[in-house]
Amino acid sequence: MISIQGKGVSNGVAMGPLYFYQRAKSTIRRYQVEDVNAEWERFKAAQAKAIEQLGELAQKAEAEAGAEAAFLFETHQMMAEDDDYVEAIEGLIKEEKLNAEAAVTDTAAQFADMFAQMDDTYMQARAADVKDVSGRIVGILTGVVQGGIDSDVPVVLAADDLAPSETVQLDKSKILGFITEGGSGSSHTAILARTMGIPAIIGVGNQLKAEFEGREVIVDGGTGSIVVDADEATRAVMMAKREEQLKRQKLLEQLKGEENITKDGHKIKVFCNIGNPEDVAMVLANDGGGVGLFRSEFLYLNCDDYPTEEYQFEAYKQVLSDMGDKEVVIRTLDIGADKQIDYFQMPKEENPALGNRALRICLNRPEIFKTQLRALYRASAYGHLGIMFPMVTSVWEVKEARKMCEVVKKELDAEGKPYADDVEIGIMIETPAAAVMSDRLAKLVDFFSCGTNDLTQYTLACDRQNNDLGRFFNPHHPAVLRLLKMVCDNAHKNGVWVGICGELGADLELTETFLSIGIDELSVSPRSVLPLRQKIREVTLSDVKEKVLADLLGDENTI
């Protein structure tokens with residue numbers, strides 16, 4: 001039995017085989033082959049498998065987001081069968097005796113360069129398609145599975161860490177839990193785990209060895225404990241803990257349909273954070289009151305080229321329709337910093353967290369912004385929509401964003417396309433600048449939603465992705481909580497409601513604080529809804545408010 005200690009970031013106990021995430025190799029081996037016919041057949045088998053995979057993805061995309069979404073994968077199927085493309089690969093294998101991986105890679109580079117040189121923008125966009133198709137075929141040839149998991153049974157997935165673009169492609173049905181070498185409690189791996197309601201442990205460093213792959217592991221996402229090949233006594237203890245957690249979850253189920261109300265009658269909304277339309281099922285299953293944060297950037301991360309208006313419209317429409325009359329707040333594109341997308345071709349930045357990201361990109365590239373806003377307003381006809389702008393620092397940015405909203409509405413009016421006339425406009429408070437300027441910003445919007453992950457990072461000058469700064473990254477820091485109090489006061493003076501959509505919203509140690517400073521809504525992972533509801537219903541706000549505010553706002557005598 002081997003014991004490993006990390007940091008738990010998503011509660012729960014899970015047991016299963018350990019599996020290391022398979023990431024595509026950046027370099028491809030090149031060598032001469034002796035049997036060119038066998039190598040050609042090897043390519044043909046990989047090509048056939050790639051076409052089959054793309055067909056399955058097209059069917060899945062059409063079922064989830066409509067025909068427009070499926071078209072991308074159908075285009076990739078055609079690319080994989082293109083006569084010129086296949087003949088070029090055949091020539092390299094049979095005439096130059098090049099191995100299949102290198103032949104596909106060279107052909108991809110040749111065709112991508114050819115497409116990129118064309119004047120037609122549609123053909124230029126095919127450069128990304130040929131690279132993606134070729135990458136899929138090479139992955140099959142090298143044994144690296146698309147999505148990083150090649151297993152017939154669910155596994156405990158281990159990785160150094162996972163980028164947002166990698167997490168979005170994972171086959172969620174095959175994951176029992178996560179273990180990462182690095183990362184942080186606010187990393188995308190941790191957020192995904194909490195959304196899925198499965199255990200996750202970060203910061204294990206080099207304690208996981210390659211020879212552990214396939215061996216049974218038990219993970220405890222509450223304590224950060226990992227056991228490889230547990231003895232019978234340890235397995236019994238861990239499984240008993242798992243049973244207790246399942247029993248507690250069943251007790252929490254009894255809270256479905258109940259109000260989020262304190263003992264003395266103070267109500268608060270409890271909404272959910274999601275990353276794609278499929279997550280709505282989790283929101284409804286856990287009795288979430290609405291969607292307080294739909295991270296729309298994951299639609300972009302899941303595409304090989306800029307998602308079209310129609311593709312986005314279908315996704316937003318699905319979420320709004322599935323949520324019925326419950327409110328859905330969709331955050332506009334929030335990439336940059338740790339969320340990079342190749343086809344955006346963003347220049348490398350020394351400090352990307354302080355660079356061109358989120359609303360800044362949208363205002364600098366209005367054609368992308370307008371496409372998304374058109375899709376959002378069109379979808380608003382199917383539900384109760386709120387649009388939220390991220391990474392705001394000043395009044396002029398909000399005014400510019402609202403001007404674009406008006407442009408879009410006028411266009412839709414002219415085209416006779418319906419949209420709702422009660423769409424709420426809000427901003428994220430995730431920079432100290434926005435918090436300090438919240439009195440003026442409140443005059444321009446209908447709501448604030450506080451992104452506590454970034455607000456903590458920027459307030460404390462502490463990189464939230466750096467695991468070595470763990471004890472310095474303190475979301476409970478009085479400076480962060482005081483800014484939240486300031487935001488609430490300024491918002492309420494102007495008739496604006498305030499939510500928290502950062503991970504801090506689910507921190508039960510701060511529930512009393514949030515109630516006391518006047519937070520109106522907490523948006524959390526779906527699995528956190530019922531535990532948070534239970535905590536709210538245990539509080540008598542009139543008993544704790546005075547002390548909480550005194551501790552938070554006290555004078556030098558309380559230091």
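The values are calculated or read from the model by the stated rules, or taken from the named source; none is laboratory data. All values reported here derive from a predicted model rather than from experimental measurement. All Cβ positions, even for glycine, are placed from backbone atoms using ideal geometry, and neighbour counts span all protein chains on display.
Some observations on this one:
- Conditions (1) among the aromatic types (Phe, Trp, Tyr); (2) within 23 Å of ILE149 (Cα to Cα); (3) at pLDDT 85 or above: number failed by PHE73: (3)
- Here THR371 fulfils each of the conditions (1) surrounded by fewer than 24 Cβ atoms within 10 Å (Cβ to Cβ); (2) polar (S, T, N, Q); (3) under 23 Å from GLY292 (Cβ atoms) apart from (3).
- Residue list for segment 78-133, filter: part of a loop (DSSP other than H, G, I, E, B) and under 25 Å from GLU52 (Cα atoms): ASP82, ASN99
- Among the candidates ASP463, ASP551, residue that is acidic (Asp, Glu) and under 28 Å from VAL398 (Cα atoms): ASP463
- Scanning segment 460-473 for residues that are more than 19 Å from the chain's Cα centre (by Cα) and assigned to a loop (DSSP other than H, G, I, E, B) yields a count of 6.
- Test: residue in segment 438-455 that is closer than 27 Å to ASP325 by Cβ, surrounded by 16 or more Cβ atoms within 10 Å (Cβ to Cβ) and of a type in the set (Asp, Glu): yes
- Candidate set: segment 300-323, residues that are more than 17 Å from GLY383 (Cβ to Cβ) and of a type outside the set (D, E, K, R); chosen: the one modelled with the lowest pLDDT: ASN302
- Screening GLU400, GLU415 for residues that are surrounded by fewer than 18 Cβ atoms within 10 Å (Cβ to Cβ) and over 27 Å from the mean Cα position of the chain (by Cα) leaves exactly one candidate, GLU415.
- Helices (runs of 4 or more DSSP H) fully within segment 289-393 counting 3 or more residues that are of a type outside the set (A, V, I, L, M, F, W, C): 309-323, 366-379
- Test: residue in segment 224-237 that is modelled with pLDDT under 90 and under 26 Å from the mean Cα position of the chain (by Cα): no
- Number of the exception - ILE198 against (1) modelled with pLDDT of 90 or more; (2) outside any helix (DSSP H, G or I); (3) crowded, with 17+ Cβ neighbours inside 10 Å: (1)
- Among the conditions (1) in the same structural domain as GLU90 (by TED's automatic domain parsing); (2) surrounded by 14 or more Cβ atoms within 10 Å (Cβ to Cβ), GLU52 misses just one, which is (2).
- Taking the criterion of being within 18 Å of the chain's Cα centre (by Cα), more than 15 Å from VAL395 (Cα to Cα) and part of a strand (DSSP E or B), the residues of segment 423-459 that qualify are SER449, CYS450.
- In segment 250-279, of all residues being part of a helix (DSSP H, G or I), touching a residue at least 12 places away in the same chain (Cβ under 8 Å) and of a type outside the set (Asp, Glu), the one that is surrounded by the most Cβ atoms within 10 Å (Cβ to Cβ) corresponds to PRO277.
- Residues being touching a Ser or Thr at 6+ places or on another chain (Cβ under 8 Å) and within 22 Å of ASN466 (Cα to Cα) - total across segment 200-225: 7
- Within segment 134-188, considering residues that are assigned to a helix (DSSP H, G or I) and among the β-branched types (Val, Ile, Thr), the one modelled with the lowest pLDDT: THR167
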